[in-house]
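Trainee: Take a look at this one; I'll ask things after.
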Amino acid sequence: MKRVLIVETNVAKYGDTKEATGLWLGESAEFVDELQKEDVQFDFISPKGGFVPLDPRSMKYIDHSIMRIYEQPDFIERALRNTLKPADVDPSQYAAIYYTGGHGVMWDFPDNIEIQQLASSIYQYGGYLASVCHGIVGLFNIRDHNNDYVIANKNITGFTTSEEVIAGKRKVVPFLNQQLAQKRGANFNKKRFYKNYAIQDGRIITGQNPFSVRSVAQLLIQELK
(Lines give C-alpha, C1' and ligand atoms only; values in the text may rest on other atoms or scores of the structure.)
Protein backbone atom coordinates (compact mmCIF):
# COMPACT_ATOMS: atom_id res chain seq x y z
CA MET A 1 0.00 0.00 0.00
CA LYS A 2 1.42 3.39 -1.00
CA ARG A 3 1.59 6.36 1.32
CA VAL A 4 -0.89 9.20 1.90
CA LEU A 5 0.26 12.82 1.68
CA ILE A 6 -1.36 15.09 4.29
CA VAL A 7 -1.46 18.81 3.46
CA GLU A 8 -1.45 21.43 6.25
CA THR A 9 -1.40 25.23 6.35
CA ASN A 10 1.41 27.62 7.29
CA VAL A 11 -0.98 30.55 7.82
CA ALA A 12 -1.31 31.76 11.42
CA LYS A 13 -3.73 34.72 11.03
CA TYR A 14 -6.98 35.58 9.27
CA GLY A 15 -5.69 37.64 6.36
CA ASP A 16 -4.55 41.08 7.52
CA THR A 17 -6.14 40.74 10.97
CA LYS A 18 -4.42 39.90 14.24
CA GLU A 19 -6.80 37.03 14.94
CA ALA A 20 -5.08 33.64 15.18
CA THR A 21 -5.95 30.68 12.99
CA GLY A 22 -4.02 27.73 11.57
CA LEU A 23 -4.45 23.98 11.29
CA TRP A 24 -7.60 22.57 12.86
CA LEU A 25 -5.81 19.95 14.94
CA GLY A 26 -8.46 17.25 14.83
CA GLU A 27 -8.58 17.33 11.04
CA SER A 28 -5.01 16.07 10.98
CA ALA A 29 -4.90 14.04 14.20
CA GLU A 30 -8.14 12.10 13.71
CA PHE A 31 -7.17 11.30 10.13
CA VAL A 32 -3.78 10.06 11.29
CA ASP A 33 -5.46 8.00 14.01
CA GLU A 34 -7.54 6.18 11.38
CA LEU A 35 -4.51 5.58 9.15
CA GLN A 36 -2.49 4.20 12.05
CA LYS A 37 -5.22 1.70 12.86
CA GLU A 38 -4.75 0.22 9.37
CA ASP A 39 -0.96 0.62 9.21
CA VAL A 40 -1.21 3.08 6.34
CA GLN A 41 1.97 5.16 6.01
CA PHE A 42 1.77 8.94 5.64
CA ASP A 43 3.79 12.13 5.32
CA PHE A 44 3.01 15.80 5.97
CA ILE A 45 3.49 18.70 3.57
CA SER A 46 2.74 22.44 3.73
CA PRO A 47 3.14 25.19 1.12
CA LYS A 48 6.30 26.54 2.76
CA GLY A 49 7.38 23.44 4.64
CA GLY A 50 8.46 23.58 8.26
CA PHE A 51 6.29 24.94 11.07
CA VAL A 52 2.50 24.55 11.13
CA PRO A 53 0.49 26.80 13.51
CA LEU A 54 -2.56 25.45 15.31
CA ASP A 55 -5.94 27.15 15.28
CA PRO A 56 -6.49 27.93 18.98
CA ARG A 57 -10.22 27.31 18.66
CA SER A 58 -9.53 23.73 17.58
CA MET A 59 -7.95 23.02 20.94
CA LYS A 60 -11.39 23.28 22.52
CA TYR A 61 -12.49 20.17 20.63
CA ILE A 62 -9.80 17.74 21.75
CA ASP A 63 -10.72 14.29 23.00
CA HIS A 64 -8.48 11.47 24.23
CA SER A 65 -7.82 10.11 20.74
CA ILE A 66 -6.76 13.51 19.38
CA MET A 67 -4.56 14.17 22.41
CA ARG A 68 -2.89 10.77 22.01
CA ILE A 69 -1.85 11.62 18.44
CA TYR A 70 -0.94 15.20 19.37
CA GLU A 71 1.48 13.94 22.00
CA GLN A 72 3.26 11.48 19.73
CA PRO A 73 6.85 12.63 19.09
CA ASP A 74 6.54 11.65 15.43
CA PHE A 75 3.43 13.81 14.99
CA ILE A 76 5.03 16.76 16.77
CA GLU A 77 8.11 16.53 14.60
CA ARG A 78 6.67 15.73 11.17
CA ALA A 79 3.20 17.33 11.33
CA LEU A 80 3.90 20.47 13.36
CA ARG A 81 7.62 21.32 13.37
CA ASN A 82 9.08 20.07 10.11
CA THR A 83 6.53 19.44 7.39
CA LEU A 84 7.93 18.66 3.96
CA LYS A 85 8.24 21.31 1.27
CA PRO A 86 6.60 20.58 -2.11
CA ALA A 87 10.05 20.22 -3.70
CA ASP A 88 10.82 17.39 -1.26
CA VAL A 89 7.94 15.23 -2.47
CA ASP A 90 7.83 12.57 -5.20
CA PRO A 91 4.15 12.17 -6.17
CA SER A 92 4.74 8.64 -7.49
CA GLN A 93 5.15 7.49 -3.89
CA TYR A 94 1.60 8.41 -2.89
CA ALA A 95 -1.76 6.77 -3.44
CA ALA A 96 -3.70 9.78 -2.14
CA ILE A 97 -3.42 13.38 -1.04
CA TYR A 98 -5.55 14.70 1.82
CA TYR A 99 -6.16 18.40 2.52
CA THR A 100 -6.77 19.32 6.15
CA GLY A 101 -8.66 22.45 7.14
CA GLY A 102 -8.69 25.32 9.55
CA HIS A 103 -9.40 28.79 8.14
CA GLY A 104 -5.73 29.41 7.41
CA VAL A 105 -5.87 27.17 4.35
CA MET A 106 -8.07 29.71 2.57
CA TRP A 107 -5.00 31.92 2.18
CA ASP A 108 -2.30 29.44 1.20
CA PHE A 109 -3.95 26.38 -0.41
CA PRO A 110 -5.92 27.65 -3.45
CA ASP A 111 -3.08 29.28 -5.37
CA ASN A 112 -0.18 27.01 -4.44
CA ILE A 113 0.88 25.74 -7.87
CA GLU A 114 3.47 23.27 -6.53
CA ILE A 115 1.02 21.31 -4.40
CA GLN A 116 -1.59 21.49 -7.16
CA GLN A 117 0.90 19.84 -9.50
CA LEU A 118 1.63 17.13 -6.96
CA ALA A 119 -2.09 16.49 -6.48
CA SER A 120 -2.70 16.46 -10.21
CA SER A 121 0.05 13.89 -10.72
CA ILE A 122 -1.28 11.68 -7.93
CA TYR A 123 -4.79 11.87 -9.38
CA GLN A 124 -3.78 11.32 -13.01
CA TYR A 125 -1.87 8.18 -12.04
CA GLY A 126 -4.91 6.65 -10.37
CA GLY A 127 -4.60 8.14 -6.90
CA TYR A 128 -7.22 9.81 -4.72
CA LEU A 129 -7.97 13.41 -3.80
CA ALA A 130 -9.44 13.88 -0.33
CA SER A 131 -10.29 16.85 1.86
CA VAL A 132 -12.30 17.87 4.88
CA CYS A 133 -13.95 21.15 5.88
CA HIS A 134 -11.99 24.17 4.53
CA GLY A 135 -9.48 21.76 3.04
CA ILE A 136 -11.79 21.63 0.02
CA VAL A 137 -10.16 24.88 -1.15
CA GLY A 138 -7.07 22.86 -2.04
CA LEU A 139 -9.07 21.11 -4.75
CA PHE A 140 -10.54 24.23 -6.34
CA ASN A 141 -7.78 24.94 -8.86
CA ILE A 142 -6.56 21.43 -9.66
CA ARG A 143 -7.08 20.58 -13.32
CA ASP A 144 -7.16 17.28 -15.18
CA HIS A 145 -5.36 16.28 -18.37
CA ASN A 146 -7.99 18.15 -20.40
CA ASN A 147 -7.32 21.31 -18.35
CA ASP A 148 -10.77 21.10 -16.79
CA TYR A 149 -11.30 21.54 -13.06
CA VAL A 150 -11.20 18.10 -11.47
CA ILE A 151 -14.22 18.94 -9.30
CA ALA A 152 -16.38 19.97 -12.28
CA ASN A 153 -19.52 17.80 -12.36
CA LYS A 154 -18.38 15.97 -9.23
CA ASN A 155 -20.38 15.57 -6.03
CA ILE A 156 -18.33 17.19 -3.28
CA THR A 157 -18.80 18.87 0.07
CA GLY A 158 -16.96 21.24 2.39
CA PHE A 159 -17.53 23.87 5.04
CA THR A 160 -20.82 25.48 4.07
CA THR A 161 -21.95 29.09 3.95
CA SER A 162 -24.33 28.54 6.87
CA GLU A 163 -21.50 27.02 8.92
CA GLU A 164 -19.33 30.05 8.10
CA VAL A 165 -22.08 32.35 9.37
CA ILE A 166 -22.49 30.31 12.57
CA ALA A 167 -18.73 30.37 13.09
CA GLY A 168 -18.83 34.16 12.87
CA LYS A 169 -16.32 34.28 9.99
CA ARG A 170 -18.58 35.18 7.07
CA LYS A 171 -17.14 38.70 6.79
CA VAL A 172 -13.54 37.67 7.43
CA VAL A 173 -12.95 34.91 4.89
CA PRO A 174 -11.77 35.84 1.38
CA PHE A 175 -14.49 33.76 -0.31
CA LEU A 176 -17.18 31.19 0.43
CA ASN A 177 -16.40 27.54 -0.28
CA GLN A 178 -19.89 26.71 -1.42
CA GLN A 179 -20.02 29.54 -3.96
CA LEU A 180 -16.56 28.95 -5.39
CA ALA A 181 -17.12 25.20 -5.71
CA GLN A 182 -20.27 25.87 -7.70
CA LYS A 183 -18.40 28.35 -9.91
CA ARG A 184 -15.99 25.53 -10.71
CA GLY A 185 -18.93 23.43 -11.86
CA ALA A 186 -19.08 21.12 -8.85
CA ASN A 187 -22.26 19.68 -7.41
CA PHE A 188 -21.97 20.95 -3.83
CA ASN A 189 -23.71 18.67 -1.35
CA LYS A 190 -24.41 19.39 2.30
CA LYS A 191 -26.26 18.24 5.38
CA ARG A 192 -27.29 20.02 8.56
CA PHE A 193 -24.58 22.30 9.94
CA TYR A 194 -21.87 20.66 12.05
CA LYS A 195 -23.09 17.12 11.34
CA ASN A 196 -20.84 14.33 10.16
CA TYR A 197 -21.06 14.06 6.38
CA ALA A 198 -18.61 12.63 3.85
CA ILE A 199 -19.17 11.89 0.19
CA GLN A 200 -17.26 10.02 -2.49
CA ASP A 201 -17.47 10.58 -6.24
CA GLY A 202 -15.01 8.39 -8.09
CA ARG A 203 -11.55 9.11 -6.72
CA ILE A 204 -12.57 12.32 -4.94
CA ILE A 205 -13.56 12.04 -1.26
CA THR A 206 -14.68 15.08 0.74
CA GLY A 207 -16.07 15.85 4.19
CA GLN A 208 -18.25 18.77 5.22
CA ASN A 209 -16.80 19.91 8.57
CA PRO A 210 -14.47 18.96 11.46
CA PHE A 211 -16.87 16.24 12.56
CA SER A 212 -16.45 14.40 9.24
CA VAL A 213 -12.75 13.56 9.42
CA ARG A 214 -13.00 9.91 10.38
CA SER A 215 -15.65 9.25 7.75
CA VAL A 216 -13.37 10.70 5.06
CA ALA A 217 -10.47 8.60 6.31
CA GLN A 218 -12.55 5.42 6.40
CA LEU A 219 -13.81 5.92 2.84
CA LEU A 220 -10.26 6.44 1.64
CA ILE A 221 -8.86 3.46 3.53
CA GLN A 222 -11.48 1.18 1.98
CA GLU A 223 -10.25 2.25 -1.43
CA LEU A 224 -6.59 1.71 -0.55
CA LYS A 225 -7.02 -1.84 0.76
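Trainee: With a 1.4 Å probe and every protein chain left in place, work out the accessible area per residue of the chain in Å², rounded to a whole number.
Mentor: 44
Trainee: Continuing with the same structure: When the accessible area of the range 85-146 is computed with all protein chains present and a 1.4 Å probe, what percentage of it is carbon and sulfur? The partial results should precede the final answer.
Mentor: Numbers: 920 of 2170 Å².
Exposed carbon and sulfur together represent 43 percent of the surface.
Trainee: Further, regarding this structure: Each residue of the range 200-206 in order: what ³J(HN,Hα) in whole Hz does its phi give by Karplus 6.51 cos²θ - 1.76 cosθ + 1.60, θ = phi - 60°, with x for Gly and Pro?
Mentor: Residue by residue, the range 200-206 yields 10, 9, x, 9, 10, 10, 9 Hz.
Trainee: Report ³J(HN,Hα) in whole Hz for each residue of the range 11-18, in order, from the Karplus equation J = 6.51 cos²θ - 1.76 cosθ + 1.60 where θ = phi - 60°; Gly and Pro get x.
Mentor: Working through the residues one at a time gives 7, 9, 9, 6, x, 8, 7, 9 Hz.
Trainee: Could you tell me the center-to-center distance, by alpha carbons, between the range 151-201 and the range 10-64 in angstrom?
Mentor: If you average the Cα positions of each part, the centres end up 19 Å apart.
Trainee: Right, something else. What dipole magnitude, in Debye to the nearest 20, does the chain give about its Cα centre under +1 on Lys/Arg Cβ and -1 on Asp/Glu Cβ?
Mentor: Taking the Cα centre of the chain as origin, the dipole is about 700 debye.
Trainee: Over the alpha-carbon set of the range 69-133, divide Rg by the Kirkwood Rh and report the Rg/Rh ratio to two decimals. Can you show the working numbers first?
Mentor: Details: Rg = 12.8 Å, Rh = 13.1 Å.
Ratio of gyration radius to Kirkwood radius: 0.98.
Trainee: Sticking with this structure for a sec: Considering only protein heavy atoms and a 1.4 Å probe, what is the carbon-and-sulfur percentage of the accessible area of the range 1-59?
Mentor: C and S atoms contribute 49 percent here.
Trainee: TYR123: net charge of surrounding residues, Cβ under 9 Å, Lys/Arg +1, Asp/Glu -1, itself excluded?
Mentor: On the way: positive: ARG203; negative: ASP144.
Computed value for this residue: 0.
Trainee: Could you tally the net charge around THR17, taking each other residue with its Cβ under 13 Å from the Cβ of THR17, Lys/Arg +1 and Asp/Glu -1?
Mentor: My count for the surroundings of THR17 gives +2.
Trainee: When only C-alpha pairs under 8 Å and at least 6 residues apart count, what is the relative contact order of the chain, in percent? List each step's numbers first, then the result.
Mentor: Details: 515 pairs, mean separation 47.0, N = 225.
Across the chain, relative contact order equals 21 percent.
Trainee: Given R₀ = 30 Å, FRET efficiency for PHE175-GLU114 by Cβ-Cβ distance, to 0.05? Show your work: numbers first, answer last.
Mentor: Working: r = 21 Å, r/R0 = 0.71.
E(calc), rounded to 0.05, equals 0.90.
Trainee: Taking the Cα-to-Cβ direction at LYS85 and at ASN146 and moving 7 Å from each Cα, how far apart do the two end points lie in nm?
Mentor: It is 3.7 nm.
Trainee: So which chymotrypsin sites (Phe, Trp or Tyr not before Pro) in the range 86-140 are both in a DSSP loop and have at most 11 other Cβ atoms within 10 Å of their Cβ?
Mentor: Those satisfying the criteria are TYR125.
Trainee: Considering only the other residues whose Cβ falls under 11 Å of the Cβ of GLN200, what net charge follows from Lys and Arg at +1 and Asp and Glu at -1?
Mentor: Net of charged neighbours comes to 0.
Trainee: Sorting check: for 51-64, 188-201, 5-18, 26-39, which peptide has the highest mean count of neighbouring beta carbons within 10 Å, and how do the rest follow?
Mentor: Put in order of decreasing packing, that is 26-39, 5-18, 188-201, 51-64.
Trainee: A follow-up question, please. Determine the alpha carbon to alpha carbon distance for each of LYS171/LYS225; LYS13/LYS225; LYS60/LYS171 and list only those over 32 Å.
Mentor: Pairs exceeding 32 Å: LYS171/LYS225; LYS13/LYS225.
Trainee: Principal axis lengths of the range 26-99 from Cα atoms, whole Å, largest first?
Mentor: The Cα atoms of the range 26-99 stretch 35, 28, 21 Å along the principal axes, largest first.
Trainee: Step by step: find N for the chain, compute 2.2 N^0.38 Å, then divide the Cα radius of gyration by it. What's the final number?
Mentor: Working: Rg = 15.6 Å, N = 225, 2.2 N^0.38 = 17.2 Å.
This ratio for the chain stands at 0.91.
The values are calculated or read from the model by the stated rules, or taken from the named source; none is laboratory data. As the structure is a prediction and not an experimental result, all values here were calculated from the model. Quick reminder, even Gly has a Cβ in these numbers, built from the backbone with ideal geometry, and neighbours come from all protein chains shown. Areas reflect the complete protein model, heavy atoms only, side chains present, ligands, DNA and RNA absent. Shrake-Rupley method; radii C 1.70, N 1.55, O 1.52, S 1.80 Å.
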